[in-house]
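I have placed the structure first, in the form of structure tokens, so that the comments after it can refer back to it.
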Amino acid sequence: MGEGPRIDIPEGQDAIAYVWGEMVPEIGAAASGFSLAVYAHTTLGLREFEAARLRIAQINGCVFCLDWRTERDGHKVEEEFADAVTRWRTTDALDDRTRLAAEYAERYALDHHHLDEEFWTRMTAHYSQAEIVELSMSIGSWLAFGRLNHVLGLDTVCVLPKP
């Protein structure tokens, strides 16, 4: 994994709060607001949401994002879910919407120029236009901010909130 932050973090400071909040407060506050909005205002089901989020975490290699599990109403995806997301092409553990969320996240991150009509036909058969826009914005947030945290080495010093 990484060797720690590539940005100097003052002793006793939370790395994310410092980098996002104090170093670039105008940009960081906006980025943080967008990142939090994805979780606070989603209309997507937990499994679809987590399939896309975890697939981006796997691609980004963000340690914090890989360890994180979104909780809704006291529920989280099962422990084996991350492995199923990795194997989205072949697993029978994912329904069509969840599989499409993982596929879309992967293709969005790695091959967005080749999202063809066949893919969009499948997406529009399972997701409304509003859900596609929401999923696209969510994936964009996770791709950008998970990658930012990993590249700057912040993902190895983030602390998961206590349950």
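The values are calculated or read from the model by the stated rules, or taken from the named source; none is laboratory data. Just so it is clear, the model here is predicted, and its values are computed rather than measured. Positions of Cβ are backbone-derived with ideal geometry, glycine not excepted, and every protein chain shown enters the neighbour counts. Keep in mind that these areas ignore ligands, DNA and RNA; they rest on the heavy atoms of the full protein, side chains included. Shrake-Rupley method; radii C 1.70, N 1.55, O 1.52, S 1.80 Å.
Things to note:
- Placing R0 at 22 angstrom, the Cβ-Cβ distance between Thr156 and Glu26 gives a FRET efficiency of 0.25 after rounding to 0.05.
- Rounded to the nearest 500, the helix-only mean residue ellipticity at 222 nm of the chain stands at -17500 deg cm²/dmol, with each DSSP H run of n ≥ 4 adding -39,500 (n - 2.57).
- Heavy-atom accessible surface of the stretch 26-92: percent carbon and sulfur, 1.4 Å: 54 percent
- Degrees between helix 25-40 axis and first principal axis of the chain (Cα, 0 to 90, nearest 10): 40 degrees
- Sorted on the mean count of surrounding Cβ atoms within 10 Å across their residues, most packed first, peptides 13-25, 66-78, 45-57 read 45-57, 13-25, 66-78.
- Between helix 96-110 and the chain: long-axis angle, C-alpha atoms, 0 to 90°, nearest 10: 50 degrees
- Distance between modelled label sites at Leu110 and Thr90, nm, 7 Å Cα→Cβ extension: 1.4 nm
- Farthest positive-ward along the stretch 59-107 dipole, Cα basis, beta-carbon charges - from Leu94, Leu66, Tyr104: Tyr104
- Full-extension gain in nm, Asp73 to Thr124, via 0.36 nm per residue minus C-alpha separation: 15.6 nm
- Accessible area per residue in Å² at 1.4 Å probe, computed on the stretch 1-121: 58 Å²
- Shape of the stretch 41-112, Cα gyration tensor, a/c cut at 1.5: rounded
- Cα-based shape type of the chain, given that a ≥ b ≥ c are square roots of the gyration tensor eigenvalues and the cut on a/c is 1.5: prolate
- Helix 46-60 axis versus longest C-alpha principal axis of the chain: approximately 60°, rounded to the nearest ten.
- Computed accessible area, Arg107, all protein chains, 1.4 angstrom probe, square angstrom: 40 Å²
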